[in-house]
């Protein structure tokens with residue numbers, strides 16, 4: 001799946017870059033925008049290197065929008081090491097270019113580990129870009145290896161599902 005023409009690879013790259021830090025976004029247009037975080041509660045624990053936002057959390061920077069019930073940002077030293085978004089589901093979206101559709105990633109848990117460069121969408125995971133969708137119980141994306149792995153649940157009816165529109169089918173394989 002390391003093929004650069006895979007329709008979902010850019011979406012996962014954007015998700016990774018956007019979640020890398022609340023102060024860093026994937027695109028220069030977004031990077032130059034102010035960051036607005038809204039939540040019912042916020043807690044910063046410097047000794048533990050943890051910032052937690054809870055209660056209808058919304059993080060917006062340019063076209064990037066993250067919605068979750070809870071967002072936890074873990075720091076090692078002065079660097080963000082891990083970001084965890086929890087919701088029913090948590091959602092990330094971004095418009096990569098002015099003339100392109102939104103990239104939308106969802107999961108009851110969205111976790112980005114900056115130390116291992118792995119993004120994990122868990123429980124009701126889905127990713128949508130350019131009408132292509134990938135869904136399953138879990139979607140892992142290893143940025144270093146450029147490997148996407150989707151898994152279904154324990155129930156035999158809960159399987160991985162990929163839908164590729166006719167306009168993208170030649171590029172997808």
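Summary of values
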{"quantity": "Every residue from the stretch 33-48 that is surrounded by 14 or more Cβ atoms within 10 Å (Cβ to Cβ), assigned to a loop (DSSP other than H, G, I, E, B) and modelled with pLDDT under 90", "calculated": "33"}
{"quantity": "Residue 141 being under 26 Å from residue 46 (Cβ atoms) and in contact with a strand residue (DSSP E or B) (Cβ under 9 Å, 6 or more places away or on another chain)", "calculated": "no"}
{"quantity": "Filter result for residue 123 (in contact with a strand residue (DSSP E or B) (Cβ under 6 Å, 6 or more places away or on another chain) and free of Cβ contacts under 8 Å to residues at least 40 places away in the same chain)", "calculated": "yes"}
{"quantity": "Hits in the stretch 105-127 - residues which are touching a helix residue (DSSP H, G or I) at 6+ places or on another chain (Cβ under 8 Å) and more than 25 Å from residue 76 (Cα to Cα)", "calculated": "105, 127"}
{"quantity": "Search result, residues across the stretch 63-86 that are within 19 Å of residue 124 (Cα to Cα), surrounded by fewer than 21 Cβ atoms within 10 Å (Cβ to Cβ) and more than 12 Å from the chain's Cα centre (by Cα)", "calculated": "69, 70"}
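The values are calculated or read from the model by the stated rules, or taken from the named source; none is laboratory data. It should be emphasised that the depicted structure is a prediction, and the values quoted were computed from it without experimental measurement. Here Cβ is always computed from backbone atoms with ideal geometry, including for glycine, and neighbour counts include all displayed protein chains.
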